[in-house]
Amino acid sequence: MLQVKYFRAIAIIGAIVVSGCATVQPGVAPKTFHSTVDSLARSDAAEKRRYVLLPGGKGVDVGDLQFQEFAAYIDKVLSGAGFTKVASLHDADVAIFLSYAIGDPETYQYSYALPTWGQTGVASANSSGSISFYGNTATYSGRTTYTPTYGVTGSTTQIDTITRHSRFLLLDAYDVVEYAKDSRLAQVWKTNVVSIGSSNDLRLVMPYMVVAMTPHVGKNTGRKVEVAVPEDDAAIKLLRGDASSIIK
């Protein structure tokens, strides 16, 4: 059974209010990363643009290097969507929690037909021979050469296995102002991304998941949206360009 190991650290709001490259080889077609994006938002979500970004994973703090790397991607996307990052939660409209995880690997078995090649018939025949005379007796000696044809004569069933990993990315935004007033946790919006593929390298896959969510972050998609991002997408290079400078 698939076990997803990520948590939302919602309690941190109260604590603060009260007291963050795939190389394409020449001649090789680029891969495509597929994701499913599901985003929900309140009707007034667009009005709440000042944010702080906090880790949503259990045991992860803002000093975690992986969190800083991924947070740099998210900050860039949020900035492009019109959000403003603030230094203090007291100045924010929303606290956005960033969570990410990889599920346990799942192995699938599948079968396929492999064609077999062989002789399917004869295209032509060519005969030749000679006659020998011994007195009043004649003897014929001949040979026939056949030109065969080749093609698919059948198939054999092959069985193979493939391993898939479920990759998860979640942005969860909560209203800081409402919590400060009456200690009530009010969700403003959440944007969830799920990607299934062969790679278990979250650092490799994360930029593609972030690019997939970019048009939908903080909005209401109304349904799950399938997004395909090519390996050589220009948005990936742009997203990765600033991330390293964020990590101190």
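The values are calculated or read from the model by the stated rules, or taken from the named source; none is laboratory data. Because the structure is predicted, anything quoted here is derived from the model rather than measured. As a convention, Cβ positions derive from the backbone with ideal geometry for all residues, glycine included, and neighbour counts pool all protein chains shown.
Can you tell which of LYS219, LYS181 is outside any strand (DSSP E or B) and modelled with pLDDT of 95 or more?
Numbers: LYS181 fails: modelled with pLDDT of 95 or more.
From the options LYS219, LYS181, the qualifying one is LYS219.
A quick yes/no check of all residues on (1) more than 20 Å from LEU185 (Cβ to Cβ); (2) β-branched (Val, Ile, Thr); (3) buried (at least 21 other Cβ atoms within 10 Å of the Cβ):
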residue	(1), (2), (3)
TYR51	no, no, yes
ALA71	yes, no, yes
GLY82	yes, no, no
PHE97	no, no, yes
ASP104	yes, no, no
TYR110	yes, no, no
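Mind checking whether some residue in the stretch 193-203 is among the polar types (S, T, N, Q), surrounded by fewer than 18 Cβ atoms within 10 Å (Cβ to Cβ) and either outside the structural domain of ILE102 (by TED's automatic domain parsing) or closer than 30 Å to HIS90 by Cα (or both)? For the stretch 193-203, residues among the polar types (S, T, N, Q), surrounded by fewer than 18 Cβ atoms within 10 Å (Cβ to Cβ) and either outside the structural domain of ILE102 (by TED's automatic domain parsing) or closer than 30 Å to HIS90 by Cα (or both): absent.
Can you confirm whether the stretch 3-14 contains a residue that is surrounded by fewer than 20 Cβ atoms within 10 Å (Cβ to Cβ) and either at pLDDT 65 or above or polar (S, T, N, Q) (or both)? Checking the stretch 3-14: at least one residue is surrounded by fewer than 20 Cβ atoms within 10 Å (Cβ to Cβ) and either at pLDDT 65 or above or polar (S, T, N, Q) (or both). Taken together, the residues in the stretch 184-201 that are of a type in the set (Asp, Glu) and part of a strand (DSSP E or B) amount to 0.
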